[in-house]
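Data block below; observations after.
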Amino acid sequence: MEFRWPHPPPRSSFWLLTTLSLLLGVSQAGENTTESSSTIISTTSSFFSATASTLLTPTPSSFPRNDAPATTAQPPPEFKFTRALYNVTIPENSVGKTYVTPEERMGIMTLDNDPNFDIRFKIIGGDRDKFFKAEERLVGDFCFLLIRTRTGNVAFLNRERKDKYVLEVRATGTRREGKNKMSLMEADAKVVVKLLDTNDLKPLFYPTEYEATVPEDTPLHRSILQVSAEDADLGRNGEIYYSFLEVPDSLLCIL
């Protein structure tokens, strides 16, 4: 800091000696008030001396601040299925270990990839005949629910007998918190299993025998008998075509 006369005095017996002391204090976060004290001494040939002091308060913006937003810990995901209801399909007459085909992925998000956390699925309702079994498969942070047919069943899935099953599935999450302490979490969901039709049934005539009397003067292309058969399969699997197993006479045909 330099001091000088704006207009020098006419006599040379006056002169200035200036000293400056500065004290600054800044908190770590730059929030506290900072003070600066300055003492100025001017001396004039021992005739007089004068001192002056001033208190400076800089604004907080004069100092660096840590404006980074505070981080907040995110809560773990809730233990529940991605949906309360799933729709899947499976062909009828499927053999053991045939997996259903879901419309979307089924399962539960794991809790922060905790190696001590385990998820198991179990069918608790809707499968009186014990056709199905629930399995789990962990891929990354998602535990997939898989449903398949059981092995060793004597009976098969028969769409004509029952075309839909509504399974109640329960997920159990277990976390080991110590040598003997376990915490349990549960979640439920429903899985609607729709059976797909296969061409597994033969058409049947009702009745199984027909009899007709044809006069000898019956004109050609005249209908003499009508038969009817039914097939319980669906769609193209249920379409019926008629033909003679043995043609008794070339005069007979199927219209």
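Figures for the structure shown
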quantity	calculated
Residues that are under 26 Å from residue 198 (Cβ atoms) and surrounded by 10 or more Cβ atoms within 10 Å (Cβ to Cβ), drawn from the stretch 241-255	242
Search result, residues across the stretch 170-181 that are without any contact (Cβ under 8 Å) to a residue 60 or more places away in the chain and assigned to a strand (DSSP E or B)	170, 172, 174
Single residue of the stretch 101-131 satisfying the filter (in contact with a Lys or Arg (Cβ under 7 Å, 6 or more places away or on another chain) and either among the small types (Gly, Ala, Ser) or assigned to a loop (DSSP other than H, G, I, E, B) (or both)) that is modelled with the lowest pLDDT	114
Residue within the stretch 210-231 that is within 21 Å of residue 163 (Cα to Cα), touching a helix residue (DSSP H, G or I) at 6+ places or on another chain (Cβ under 7 Å) and either at pLDDT 85 or above or in a loop (DSSP other than H, G, I, E, B) (or both) present	yes
Residues within the stretch 99-141 that are more than 19 Å from residue 168 (Cβ to Cβ) and buried (at least 16 other Cβ atoms within 10 Å of the Cβ), tallied	5
Checklist (1) within 30 Å of residue 160 (Cα to Cα); (2) in a loop (DSSP other than H, G, I, E, B); (3) at pLDDT below 85; (4) not acidic (Asp, Glu) applied to residue 237, failing item	(2)
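The values are calculated or read from the model by the stated rules, or taken from the named source; none is laboratory data. These figures come from a predicted structure and were not determined experimentally. Glycine gets a Cβ as well: all are built from the backbone with ideal geometry, and neighbour counts include every protein chain shown.
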